[in-house]
Amino acid sequence: MTSAPVASPPGDLSIASRCEPIAPDMNAGPLSAAAAAATTRTAGAVATGGLRWRSGFASLGPAFLTRLRPTPLPEPCWVARSVPAARELGIDPAWLDTAEALDILTGNAPWPGTDPLATVYSGHQFGVWAGQLGDGRAILLGETDRGLEVQLKGAGRTPYSRMGDGRAVLRSSIREFLCSEAMHALGIPTTRALCVTGSGAPVRREQIETAAVVTRTAPSFIRFGHFEHFAAQGRDAELRMLADHVIDRHYPACRATGRFGGNAYAALLEAVSERTAALLAQWQAIGFCHGVMNTDNMSILGLTIDYGPFQFLDGFDPRHICNHSDTAGRYAFNQQPNVAYWNLFCLAQALLPLIGEQEVAVAALESYKTVFPREFTRRMAAKLGLDEVRDDDHALIDGVLKLLAAERTDYTIFWRRLSVAIRTGDLAPVRDLFIDPAGADAWLRLFSERHAHVPRELAADSMLGSNPKFVLRNHLGQQAIEAAQQKDFSGVATLLNLLETPFDEHPGFDAYAGFPPDWASTIEISCSS
Ligand code: AMP
Ligand code: MG
């Protein structure tokens, strides 16, 4: 898997499909022009929660968004809050104890200084052009003067809701909240989550559930699908505005570099390819399966975004499918690097009117094929406690992945036990993980030989800092969710505490780092959220 060839292009770079825009739903409640102006006038005047707002995505203009207000929810309550996320945002965590914050972050009261909106995008879903999508339930409140956008997910219908109700249920909101913060703590680029608020308001999914709102933050929520939207309609002026916005704010080096003869749009495609490759390398190394890698769920900043049926692998099965709706396995764990490349091709196709030459776009994508294997190898070497990669280390990496796949060995526990074994010198707890020890012994011999010349303490530190003790396993999330559905939010808080420092030992909490129970494999998580 280390150097698996990436997929061949999904097609040539000409625009293959055209978007069929849907008619906006006028019941979604866009603000009147007067109300929008009134909201705008307050910009910068008040600093509720300690935040000051500046013009961000909204400055792109009406072709990109619809101004609107969140739809209130009855009797909101706090479900979970992240103090580190509050600090990053610049919010005084004490403000999160106020009734004002609860109302604002549920969408029941306006955040003074903000100018809420929903953005329009399109995308390929499960490999098929899906046409117009957009923020159907996420409302962007604005951008802070520290350059972080704040979004309320599940805050009501928008013109892009299509058949949806604009809501998010408690279970999926808790999963997104916990996983965002867990990924951040693991050092994996991600959107973050400030809090979850809940309400008793009923939401119809397979069953009747209750509503929740996640407050998410990121430097930008722009997706590949934003570019595809304008490209598919041949709207080159808007396409250029969007690309210029992204370059100016997030990739300024693309204008300075001499790469591609000063073609900043090709440089952007290359930079996004590199970040996406680096992200995928981290997902594969940690054992994270995203589950819905549609192009509308691909961040232009290379962040993990839109947590749906994701899963951290329990037993190591390269072909694991975590999304119950993904019957064909398009987004199986071992397909993710290829799918990311396929998605980058869609982005390249969308950027082609700006880049100009097809050959230049293809050249810009090439970086993915070098960055992904290099970064993946680097991440795996760190897991193995190696501070440099030698030629024969590739065999060590391939060997361990084959070994783990052969017995579906628990991925997180294996790496943690191996890390501890380097410190103690006792490999027995690692060997115990295998039914057939012969294969394990053969690999452990190679591993030990490789470590003969690596200082043990250094290696142990590196491994214990690369191989987490705690990850958000499905069954852990499920237990916390079931308690939360009975209004006991302590399980969410406990998990958050562990996942915020996943490399620490947390004495007394070993049960959260143990093998999944048998029922874990029966948990079915689909796109329904
Ligand atoms: P997702 O699969 O969550 O990434 O969503 C794909 C598209 O469907 C996006 O445009 C979402 O905004 C939209 N969507 C998903 N769930 C809902 C919902 N309950 N209400 C409105 N739009 C939704
Ligand atoms: Mg999405």
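The values are calculated or read from the model by the stated rules, or taken from the named source; none is laboratory data. Given the structure is predicted, the values throughout are model-derived calculations rather than measurements. For neighbour counting, all protein chains shown are included, and Cβ atoms are generated from backbone atoms with ideal geometry for every residue, glycine included. For the accessible areas, the whole protein counts, side chains as well, though only heavy atoms, and no ligand, DNA or RNA atoms are used. Shrake-Rupley method; radii C 1.70, N 1.55, O 1.52, S 1.80 Å.
The selection criterion, being in contact (Cβ under 8 Å) with a residue 40 or more places away in the chain and either surrounded by fewer than 21 Cβ atoms within 10 Å (Cβ to Cβ) or more than 16 Å from ligand 2 (Cβ to nearest atom) (or both), does not hold for GLN335.
Only one residue in ALA185, ALA218 is assigned by TED's automatic domain parsing to the domain that holds ALA118, among the small types (Gly, Ala, Ser) and closer than 23 Å to GLY154 by Cα, so which one is that?
Details: ALA185 fails: closer than 23 Å to GLY154 by Cα.
After ruling out the rest, the residue left standing is ALA218.
Of the residues GLY187, GLY261, which is surrounded by fewer than 18 Cβ atoms within 10 Å (Cβ to Cβ) and closer than 30 Å to PHE316 by Cα? Lay out the reasoning, then the answer.
Values: GLY261 fails: closer than 30 Å to PHE316 by Cα.
Only one candidate qualifies: GLY187.
Taken over the stretch 388-425, the residue count meeting the criterion of being crowded, with 18+ Cβ neighbours inside 10 Å, without any contact (Cβ under 8 Å) to a residue 40 or more places away in the chain and closer than 16 Å to ASP314 by Cβ is 1. For ARG171, indicate whether it is touching an Asp or Glu at 6+ places or on another chain (Cβ under 9 Å) and assigned to a helix (DSSP H, G or I). Judged against the criteria, ARG171 is a match. Tell me whether the stretch 283-291 contains one or more residues that are open to solvent by 30 Å² or more (accessible area, probe 1.4 Å) and more than 14 Å from ligand 1 (Cβ to nearest atom). No, the conditions are met nowhere in the stretch 283-291.
Taking the stretch 481-501 on its own, how many of its residues are among the polar types (S, T, N, Q), touching a residue at least 12 places away in the same chain (Cβ under 8 Å) and assigned to a loop (DSSP other than H, G, I, E, B)? First the steps, then the outcome.
Looking only at the stretch 481-501, we keep the residues that are among the polar types (S, T, N, Q), and these are 485-486, 490, 494, 497, 501.
From the residues that got through so far, the ones that are touching a residue at least 12 places away in the same chain (Cβ under 8 Å) too are 485, 494, 501.
Within this subset, residues satisfying the condition of being assigned to a loop (DSSP other than H, G, I, E, B) are 501.
Looking only at that region, the number is 1.
Restricting the first member to the stretch 160-185 and to residues that are within 24 Å of HIS229 (Cβ to Cβ) and free of Cβ contacts under 8 Å to residues at least 40 places away in the same chain, and the second to residues that are of a type outside the set (Lys, Arg) and within 12 Å of ligand 1 (Cβ to nearest atom), the beta-carbon pairs closer than 8 Å and six or more apart or on different chains are GLY164/GLY136; ASP165/VAL203. Of the strands (runs of 3 or more DSSP E) lying entirely inside the stretch 96-151, those containing at least 1 residues that are surrounded by 24 or more Cβ atoms within 10 Å (Cβ to Cβ) are 117-119, 122-125, 138-144.
How many residues does the stretch 159-178 hold that are more than 9 Å from ligand 1 (Cβ to nearest atom) and either open to solvent by 20 Å² or more (accessible area, probe 1.4 Å) or basic (Lys, Arg) (or both)? Spell out the reasoning first.
Just the residues of the stretch 159-178 that are more than 9 Å from ligand 1 (Cβ to nearest atom), to begin with: 159, 170-171, 173-178.
When the remaining residues are screened for being either open to solvent by 20 Å² or more (accessible area, probe 1.4 Å) or basic (Lys, Arg) (or both), the result is 171, 175.
Residues that pass the stated criteria total 2.
A single member of ASP317, ASP326, ASP296 is within 14 Å of ligand 2 (Cβ to nearest atom) and either more than 16 Å from the chain's Cα centre (by Cα) or buried (at least 21 other Cβ atoms within 10 Å of the Cβ) (or both), and it is ASP296.
I need the full set of residues from the stretch 114-141 which are small (Gly, Ala, Ser) and farther than 17 Å from ALA193 by Cβ, in order please. Step through it out loud before you land on a result.
To start, the set of residues in the stretch 114-141 that are small (Gly, Ala, Ser) comprises 118, 122-123, 127, 130-131, 134, 136, 138.
Correct list: ALA118, SER122, GLY123, GLY127, ALA130, GLY131, GLY134, GLY136.
Take GLU181 and tell me if it is under 15 Å from the mean Cα position of the chain (by Cα), within 14 Å of ligand 1 (Cβ to nearest atom) and either more than 20 Å from ARG67 (Cα to Cα) or open to solvent by 10 Å² or more (accessible area, probe 1.4 Å) (or both). So that I can check it myself, show each step before the final result.
Values: under 15 Å from the mean Cα position of the chain (by Cα): yes; within 14 Å of ligand 1 (Cβ to nearest atom): no; either more than 20 Å from ARG67 (Cα to Cα) or open to solvent by 10 Å² or more (accessible area, probe 1.4 Å) (or both): yes.
Considered against the rule, which asks whether it is under 15 Å from the mean Cα position of the chain (by Cα), within 14 Å of ligand 1 (Cβ to nearest atom) and either more than 20 Å from ARG67 (Cα to Cα) or open to solvent by 10 Å² or more (accessible area, probe 1.4 Å) (or both), GLU181 comes out as no.
Comparison of ASP461, ASP510, ASP504 shows that the only residue that is in contact (Cβ under 8 Å) with a residue 12 or more places away in the chain, open to solvent by 70 Å² or more (accessible area, probe 1.4 Å), within 30 Å of THR424 (Cβ to Cβ) and not basic (Lys, Arg) is ASP504. Please go through the stretch 212-237 and pick out each residue that is part of a loop (DSSP other than H, G, I, E, B) and away from ligand 2 (no atom under 16 Å from the Cβ). Matches in the stretch 212-237: PRO219, GLN233, GLY234, ARG235. For the stretch 249-293, a residue qualifies if it is in a helix (DSSP H, G or I), over 19 Å from PHE372 (Cβ atoms) and within 23 Å of the chain's Cα centre (by Cα), and the qualifying residues are ARG249, HIS250.
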